[in-house]
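Readers should treat all values here as calculations from the given coordinates under stated rules, not as data from a laboratory. Predicted model only: the values in this text are computed from it and were never measured. Methodologically, a virtual Cβ is constructed for each residue, glycine included, from the backbone with ideal geometry; neighbour enumeration extends over all protein chains shown.
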Amino acid sequence: MRKMDIIIAEARLVLSARKLRQREFPDEAFRDPMWDMLVDLFINTLEGREVSVSSLALASGAPATTALRYICILEQQRHLVRHPHPLDRRVTHLRLSAFTFSKLKEYFVTVHADRRCNANLSVDPSDFKRPMVKMDTTILDAE
């Protein structure tokens, strides 16, 4: 497997885990659409695909106006760069800045290395059938 394929797989794994977290904990406190945008754009960049503003907004899972605001923030922070579609002036594409691309690549390489180091650790699902620590409710009752 090529190094780039490994990095793409790690990025997809992180994005998938984040989506699972969102499904299990749908509360706003657990949402992170700007991170999702960066990871989605990173994956598409490595796979050689251009991403339009509207596609990135949709991929974030946030309401359209919120997603567009986040894109503007990421652009102001110099994480994203806009460039026009070569044939259709109605479409604007986004790219990661070189700095952000480099930082994301470092991040996913580190995630992959950490995961490989911990590959020998295993968890038995039966360990989670009962609480590992008994909850002491006396503190709660005292209030």
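Classified by the C-alpha gyration tensor, region 7-108 has an oblate form. Its axis ratio a/c, with a ≥ b ≥ c, is 1.5 or above, and a/b does not exceed b/c.
For Asp32, nonlocal amide neighbours, meaning residues 5 or more places apart or on other chains whose placed amide H falls under 5 Å from its own, do not occur.
Which net charge results for the neighbourhood of Ala113, defined as the other residues with beta-carbon distances under 15 angstrom from its beta-carbon, given Lys and Arg at +1 and Asp and Glu at -1? Residues near Ala113 contribute +1 overall. Here the gap between Asp5 and His83, fully extended at 0.36 nm per residue and compared with their Cα-Cα distance, gives a gain of 25.5 nm. Cβ-to-Cβ counts within 10 Å put Phe25, Phe101, Phe108 in ascending order as Phe25, Phe101, Phe108, the fewest first. Under the simplified labelling scheme, the Ser16-Val109 pair shows an inter-label distance of 2.4 nm, with each label point 7 Å from Cα along Cα→Cβ. Rounded, prolate or oblate: pick one for region 41-90, where a ≥ b ≥ c are the square roots of the eigenvalues of its C-alpha gyration tensor, a/c under 1.5 means rounded, and failing that, prolate if a/b is larger than b/c, else oblate. It is rounded, given that a/c, with a ≥ b ≥ c, falls under 1.5. Under 5 Å between amide hydrogens, built in the peptide plane, is the criterion, and for Leu80 it picks out Glu75, Ser97 among residues at least 5 positions away or on other chains. Rounded to the nearest Hz, the phi-derived 3J(HN,Hα) couplings of region 16-26 under the Karplus curve 6.51 cos²θ - 1.76 cosθ + 1.60 (θ = phi - 60°) are 5, 5, 5, 5, 4, 4, 5, 5, 6, 10, x, where x marks glycine and proline.
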